[in-house]
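What follows is a set of notes on a single structure, which appears directly below.
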Amino acid sequence: LTHIGIGTRRASTALATLASALILIYSSVDLHRLAAYHDAITLWEDTAQTQPSDVVAYNNWGLELMAANRVPEAIERYRHALQINPKHGEVHTNLGTALMKIGRLEEAIEQYRQALQLKPDFVPARCNLGLALGKIGKTAEALEQLQIAEHSDPDNAQVHYNLGIGLGQAGRLPEAVQQFQTALRLNSNYTVARAKLGIAFLNLEQPEQAIEQFQEVLQKNPIDYDATFNLALAYAQLNRPDAAQAQALQATQLATAQKQTEIAQEITMWLKEYQAGLNSQNQASRGGPSTLNR
């Protein structure tokens with residue numbers, strides 16, 4: 001059984017961190033005007049064109065483009081907003097988030113640092129800086145930033161979740177467990193934190209606790225193929241092969257139904273390797289030839 005690291009995609013559903021919490025800047029646009037537009041992108045595009053010096057319009061236009069997964073266009077709007085006002089911490093943070101989403105981590109880090117120079121107590125920028133530093137292997141500095149965020153906002157479940165991610169990346173799994181548990185005490189419906197808690201238990205070789213967490217995740221979202229596959233890993237670790245194979249097959253079917261072909265193939269490959277290992281064990285226990293010795 002290959003243990004799955006805290007930060008890997010195969011280990012859980014997509015991260016729900018402050019990195020995804022883009023910052024809306026409020027404006028005076030009223031609901032009647034909003035209703036006149038087909039969508040929010042069109043609204044903010046029109047507002048920016050009629051008010052070309054409006055930072056809010058360009059930021060919120062970028063925000064809606066991000067929601068539509070049009071990241072390069074969002075980056076252009078954030079950069080334009082910063083040309084209007086280069087001292088806007090929220091826009092620097094949103095630009096950093098967009099850059100981090102497409103893997104331009106060094107540029108993202110620079111944007112978060114600029115945001116914090118302008119607003120040292122701005123927790124979203126602090127958390128995102130820590131996460132980005134962790135992604136480039138600067139673990140000690142990443143943890144420092146995430147711990148500062150925790151001290152600044154100790155009642156924020158996402159902050160504890162992010163710190164748990166950083167601690168997991170550093171291999172400090174018992175401490176990561178504590179942070180995920182704190183996040184869940186603050187928000188019992190924080191499903192992604194529960195999934196990460198299950199993964200941490202899995203890496204600590206505590207499959208019973210992992211199973212409990214993955215089952216709770218699946219109660220809220222029965223078609224979560226990641227949690228289903230992680231449940232298969234936990235059953236395999238617990239030496240319950242029938243349950244492990246059933247969950248892996250279910251995960252494959254769920255991923256296929258959601259058109260996640262590559263993920264379904266990964267799970268199928270794992271299942272074949274797992275079954276081959278079981279066959280080898282059975283042959284060895286009967287004194288027959290093992291494929292490992294051929």
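Every number here is computed from the coordinates shown, using simple stated rules; none is lab data. None of the values given here were measured: they were computed from a predicted structure. Virtual Cβ from ideal backbone geometry, glycine too; neighbours counted across all protein chains shown.
Could you tell me which trypsin sites (Lys or Arg not before Pro) in segment 232-289 are loop residues by DSSP with no more than 13 other beta carbons within 10 angstrom of their beta carbon? Don't skip to the answer; put the middle values down first.
On the way: sites: LYS259, LYS272, ARG286; in loops: LYS259, ARG286.
Passing sites in segment 232-289 are LYS259, ARG286.
The P(r) of segment 208-294 has a tail past 15 Å containing 59 percent of all C-alpha pairs. Computed over segment 94-226, the P(r) tail beyond 26 angstrom holds 26 percent of alpha carbon pairs. Determine the sum of side-chain charges near LYS119: Lys and Arg each +1, Asp and Glu each -1, restricted to other residues whose C-beta is under 12 angstrom from that of LYS119. Overall, the nearby charge balance is +1.
State to the nearest 20 debye the size of the charge dipole of segment 165-218 about its Cα centre, where the only charges are +1 on K and R beta carbons and -1 on D and E beta carbons. Show your work: numbers first, answer last.
Values: 4 positive and 5 negative charges, 45 e Å.
In total the dipole reaches around 220 debye.
Selection among PRO124, ILE148, GLY137 by position relative to the dipole of segment 47-163 gives GLY137 as farthest towards the positive end (Cβ unit charges, Cα centre). Each of the peptides 261-269, 120-128 was scored by the mean count of other Cβ atoms within 10 Å over its residues; in descending order, highest first, they stand as 120-128, 261-269.
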